[in-house]
1. I'm checking my understanding of the structure. Among residues of the stretch 109-145 that are open to solvent by 40 Å² or more (accessible area, probe 1.4 Å) and within 16 Å of the ligand (Cβ to nearest atom), which one is farthest from L162 (Cα to Cα)?
2. Give I88, I69, I56, I32 a once-over and let me know the one that is under 23 Å from F291 (Cβ atoms), in a strand (DSSP E or B) and of a type outside the set (D, E, K, R).
3. Would you mind telling me which numbered condition in (1) touching a helix residue (DSSP H, G or I) at 6+ places or on another chain (Cβ under 6 Å); (2) within 30 Å of A214 (Cα to Cα); (3) surrounded by 19 or more Cβ atoms within 10 Å (Cβ to Cβ) G294 fails?
4. Filter the stretch 234-267 for residues that are touching a strand residue (DSSP E or B) at 6+ places or on another chain (Cβ under 8 Å), of a type outside the set (V, I, T) and free of Cβ contacts under 8 Å to residues at least 60 places away in the same chain and give the result.
5. Filtering the stretch 146-160 down to residues that are open to solvent by 10 Å² or more (accessible area, probe 1.4 Å) and among the aliphatic types (A, V, I, L, M), which residue is farthest from the ligand (Cβ to nearest atom)?
6. Condition test on M177, is it over 16 Å from A137 (Cβ atoms), within 15 Å of the ligand (Cβ to nearest atom) and either in contact with a strand residue (DSSP E or B) (Cβ under 9 Å, 6 or more places away or on another chain) or in contact (Cβ under 8 Å) with a residue 40 or more places away in the chain (or both)?
Amino acid sequence: MSDMKQQMAQTAAAMVAQGKGILAIDESTPTIKKRFDTIEIESTEESRRSYRELLITASGSEEFISGMILFDETLRQQTRDGVPFPEIMVDRGIMPGIKVDKGAKDLAGHPGEKVTEGLDGLRDRLSEYRDLGARFAKWRAVITIGDHIPSNACIEANAHALARYAALCQEAGIVPMVEPEVLMDADNDIDVCYWATEKTLRSVFNALNNQGVALEYTILKTNMVVSGKKCSIQACVQEVADKTVRCLLNTVPAALAGIVFLSGGQSATLATAHLNDMNRRYNNLPWPLSFSYGRALQEPCLKTWSGKAENYDAAQAALLHREKCNSLACLGQYTDDLEKAA
Ligand code: 13P
């Protein structure tokens, strides 16, 4: 095996090592502004830096977190003491990752659907990101459920872009995290989510195969199969776990290095409970199942912080608590009691 392939194999395995997952802190500038609006903090370069420093430096995270996904701006920022963020992460054994897509844009001719852009110039950007310390990357595609959608056109355009992105990553020695997200915002029931997720994953793995992407050095980041947020009947934890695992078994080749879930708007505790139930009852799957949550890890921390220096330590403790709970969920060892003790 070439050195580069060996390094990618090690990175991919480390990302989903037993009891470890990924902290997603790669919100784009408009998205982090939305999050800051909820705590009435102005989004400036310095407020973003300061919040990301809080997340990156929480001591003890390295026990539960294998990597963090950063936004371009954050990869280039430093702690208040002048240490570049990627350096402080590597020193603690946490791998820096980078969001490389340029966002989901309206798909021409398909009202209500999006296609993710960012392939132009990606080869050069990946080479710079590698020099800055990134070992894995992320590209997020968005699939919307609604009247007569998702369309084949939307699923295929996104799958094709994901596969081209993944091939470019591997050429640069960077592990691609391939993220097709079927949104959970509509009023559909869980079976519609199953259908859309299965169709999307089939198309994504077909495209990855067409572009010659090596699954051994690829991580899938996907949604769980859940009821739409506005659906009056919400599937229980066991049903979500069963349908998610069944959907993955039907679509994801065994050679894949690992699967991590996004939280997608689930509450922090439900996202943990779902992951735990999968790992508790299915312990013979071909791939590790772990987490790569943004909101479900950050929300309690963000609220506790509220932009106030005096809340800094409590906010880091809130983050660490969620990291620990999700680490236990990877092992199927999480219980509700842990929330009461917190
Ligand atoms: P959420 O867990 O908040 O859905 O974010 C994960 C992510 O990285 C979305 O791209």
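1. This residue is K114.
2. Residue meeting the stated conditions: I69.
3. (1)
4. L248, L256, F261, S263
5. Per the stated criteria, the residue is A153.
6. No: the conditions fail for M177.
The values are calculated or read from the model by the stated rules, or taken from the named source; none is laboratory data. Keep in mind the model is a prediction, meaning the values are calculated, not measured. We place every Cβ from the backbone using ideal geometry, glycine too, and count neighbours over all the protein chains shown. We work out accessible area using only protein heavy atoms, side chains counted, and drop any ligands, DNA or RNA first. Shrake-Rupley method; radii C 1.70, N 1.55, O 1.52, S 1.80 Å.
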